[in-house]
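**Q** Below: one structure in structure tokens.
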Amino acid sequence: MDTLYSEEERLLYSTMREFADRELAPLAARWDENEEFPWASIDTLKAMGLMGMTVPTEYGGAGASYSELCIAGEEIARACMTTSTTHLTHVSLGSATIIGFGSPAQKQRFLPALASGEKLAAFGLPEPSSGSDASDMQTTATRKGDDYVLNGSKIFITNGHEADLMVVFTSADRSLGAKGTAVFVVERGTMGLETRPMHGKMGIRGSGTAEVLFNDCAVSAANRLGEEGDGFRIAMTIIDSSRISLATQSVGLAQAAFDAAVRHVQQRETFGKPLKEHQAIQFMLADMATQIDAARLLTRRSAQLKDAGLGHNRESAMAKLYASEAAHFCVDRAVQIFGGYGYFRENPVERFYRDQRVTEIYEGTSEVQRIVIARSLLREFAIE
């Protein structure tokens, strides 16, 4: 790591690791066991200035790079996936959309409270019938004077019930398909807005997940981000970048599984010798470490491309695909190394196993990532 990161980045890693171990990890099991939203952990992120990491300094944020967000995000995920999911939704989806596509007036209106953590953001894209297909939004936005009236519903919205504002993707003209989409900032308390918490998740059980309903929900035209027709482009731009965040989340979880496994093999004995001396165990650790390093490097490359203002559609899909599947491998190997002990909730690897599964589903399944990668490759290497 020393040759790949600057002195400032190495300091950020060590600071975040100490902070996450002290403040976040001790609460992770509680959030999971009780399906409890991690308000106390979010408060500690606020105090550290982490809720506004990528918000420009003129709006009260830290103005951090995406590479720096990945360092912080990896350590938060290593300590607590519930807190990580809540944080990254706020930063790399909700806040990022306003940073990237809000007008100066909208940025001044919304970003300072998001940067301080006074307000929490959500991202309303997926729908019950069309999933995350931003070109086929069923939620409609009909212009009426100075307002738009929203009707429809969203599903599986992280922070949906807890958020103070939500970036919502709609269709302003369904006859135009993707070219008729529009995006709005919908604030808590808006008439016609209803949120219904969803319970019973397999993993990341403490993060808020909700169904969101719009019933003649009137939203000011001043809350529209961009123009009518920009929604699809905005969604694709934000998702390209957020996949980097989810890749780094997977790296953090994989690292947590590896760390737990390494500690365990040095403390347990089987067949008259330490577990670490069994070659089969050594091979598992070697494979885990190799996949984690590869995932971290793919993620760092995509973050650096974004920071440089370069295209990263294929690279972020590669990072998200590989990192999520590497995390799957690592949590599975960790449970195997722990044996029967890893099957019980008193052991954190049991939670890691459940938390990991969604990383291959949200922000585009692994199959979707492969489609994105393949299409990019075929365009680049097309035969004239």
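The values are calculated or read from the model by the stated rules, or taken from the named source; none is laboratory data. Keep in mind it's a predicted model, so treat the numbers as computed, not measured. Note that we place each Cβ from the backbone using ideal geometry, even for glycine, and neighbour counts take in every protein chain shown.
**Q** Can you tell me how many residues within the stretch 98-113 are surrounded by 24 or more Cβ atoms within 10 Å (Cβ to Cβ) and touching a Phe, Trp or Tyr at 6+ places or on another chain (Cβ under 8 Å)?
**A** Taking the stretch 98-113 and keeping what is surrounded by 24 or more Cβ atoms within 10 Å (Cβ to Cβ), we get 110.
Add one more test, that the residue is touching a Phe, Trp or Tyr at 6+ places or on another chain (Cβ under 8 Å), and what stays is none.
The number of residues fulfilling the criteria is 0.
**Q** Something else: Return the residues of the stretch 92-127 that are hydrophobic (A, V, I, L, M, F, W, C), touching a Gly at 6+ places or on another chain (Cβ under 8 Å) and within 25 Å of E227 (Cβ to Cβ); say none if nothing qualifies.
**A** Selection gives F101, F110, L111, L114, A121, A122, F123.
**Q** Just to be sure before I move on: is S153 touching a residue at least 60 places away in the same chain (Cβ under 8 Å), outside the structural domain of D307 (by TED's automatic domain parsing) and either aromatic (F, W, Y) or under 20 Å from T195 (Cβ atoms) (or both) in the structure I sent?
**A** Taking the combined requirement at face value, the residue satisfies it.
**Q** Okay, next question. Of the conditions (1) surrounded by fewer than 24 Cβ atoms within 10 Å (Cβ to Cβ); (2) under 10 Å from the mean Cα position of the chain (by Cα), K46 fails just one. Which one is it?
**A** (2)
**Q** Something else about it: Name the residues in the stretch 357-384 that are among the small types (G, A, S) and either closer than 20 Å to I155 by Cα or touching an Asp or Glu at 6+ places or on another chain (Cβ under 8 Å) (or both), would you? Quick ask: steps written out before the conclusion?
**A** So in the stretch 357-384, the residues among the small types (G, A, S) come out as 364, 366, 374, 376, 382.
If the condition is that a residue be among the small types (G, A, S) and either closer than 20 Å to I155 by Cα or touching an Asp or Glu at 6+ places or on another chain (Cβ under 8 Å) (or both), then G364, S366 are the ones that fit.
**Q** Could you say whether any residue in the stretch 149-170 is in contact with a Phe, Trp or Tyr (Cβ under 7 Å, 6 or more places away or on another chain) and modelled with pLDDT under 95?
**A** no
**Q** Of all strands (runs of 3 or more DSSP E) completely enclosed by the stretch 114-202, which ones contain at least 3 residues that are surrounded by 23 or more Cβ atoms within 10 Å (Cβ to Cβ)?
**A** The strands (runs of 3 or more DSSP E) meeting that bar are 121-124, 147-158, 165-171, 181-187.
**Q** Still on this structure, please answer the following. Can you pull out every residue in the stretch 221-270 that is of a type in the set (S, T, Y) and surrounded by fewer than 20 Cβ atoms within 10 Å (Cβ to Cβ)? Show your work before the answer.
**A** Start the filter on the stretch 221-270 by keeping residues that are of a type in the set (S, T, Y), which leaves 237, 241-242, 245, 248, 250, 270.
Correct list: T237, T270.
**Q** If I go through the stretch 128-142 residue by residue, how many of them are hydrophobic (A, V, I, L, M, F, W, C) and more than 21 Å from the chain's Cα centre (by Cα)? Reasoning before the result, please.
**A** Here is the first cut: in the stretch 128-142, the ones hydrophobic (A, V, I, L, M, F, W, C) are 134, 137, 141.
From the residues that got through so far, the ones that are more than 21 Å from the chain's Cα centre (by Cα) too are 137, 141.
So the answer is 2.
**Q** Among (1) surrounded by fewer than 23 Cβ atoms within 10 Å (Cβ to Cβ); (2) modelled with pLDDT of 95 or more, which single condition is C330 missing?
**A** That leaves (1) as the condition not met.
**Q** Follow-up. What is the residue count in the stretch 199-231 for residues that are basic (K, R) and either outside the structural domain of T170 (by TED's automatic domain parsing) or more than 21 Å from the chain's Cα centre (by Cα) (or both)? Spell out how you get there, then give the answer.
**A** So in the stretch 199-231, the residues basic (K, R) come out as 201, 205, 224.
Add one more test, that the residue is either outside the structural domain of T170 (by TED's automatic domain parsing) or more than 21 Å from the chain's Cα centre (by Cα) (or both), and what stays is 224.
Going through the stretch 199-231 one residue at a time, the tally reaches 1.
**Q** Could you count how many residues in the stretch 301-321 are part of a helix (DSSP H, G or I) and buried (at least 22 other Cβ atoms within 10 Å of the Cβ)?
**A** Quick first cut of the stretch 301-321, residues part of a helix (DSSP H, G or I) only: 301-307, 313-321.
From the residues that got through so far, the ones that are buried (at least 22 other Cβ atoms within 10 Å of the Cβ) too are 302-303, 315-321.
Counting residues in the stretch 301-321 that are part of a helix (DSSP H, G or I) and buried (at least 22 other Cβ atoms within 10 Å of the Cβ) gives 9.
**Q** Sort out which residues of the stretch 18-39 are within 19 Å of the chain's Cα centre (by Cα) and assigned to a helix (DSSP H, G or I), and write them in order of number.
**A** Listed by number, the residues that qualify are A20, L24, A25, A28, W31, D32, W39.
**Q** Taking the conditions exactly as written (among the polar types (S, T, N, Q), closer than 26 Å to V368 by Cα and at pLDDT 95 or above), does Q282 satisfy them or not?
**A** Numbers: among the polar types (S, T, N, Q): yes; closer than 26 Å to V368 by Cα: no; at pLDDT 95 or above: yes.
Taking the combined requirement at face value, the residue does not satisfy it.
**Q** Which one of the conditions (1) part of a helix (DSSP H, G or I); (2) over 18 Å from F352 (Cα atoms); (3) among the polar types (S, T, N, Q) does T54 fail to meet, given that it meets all the rest?
**A** (1)
**Q** Give the stretch 16-59 a look and list any residue that's of a type in the set (S, T, N, Q) and more than 24 Å from I99 (Cβ to Cβ), or say none.
**A** Of everything in the stretch 16-59, just one residue is of a type in the set (S, T, N, Q) and more than 24 Å from I99 (Cβ to Cβ), namely N34.
**Q** Across the stretch 354-384, what is the number of residues that are touching a helix residue (DSSP H, G or I) at 6+ places or on another chain (Cβ under 7 Å), more than 19 Å from S132 (Cβ to Cβ) and without any contact (Cβ under 8 Å) to a residue 60 or more places away in the chain?
**A** Number of matching residues: 0.
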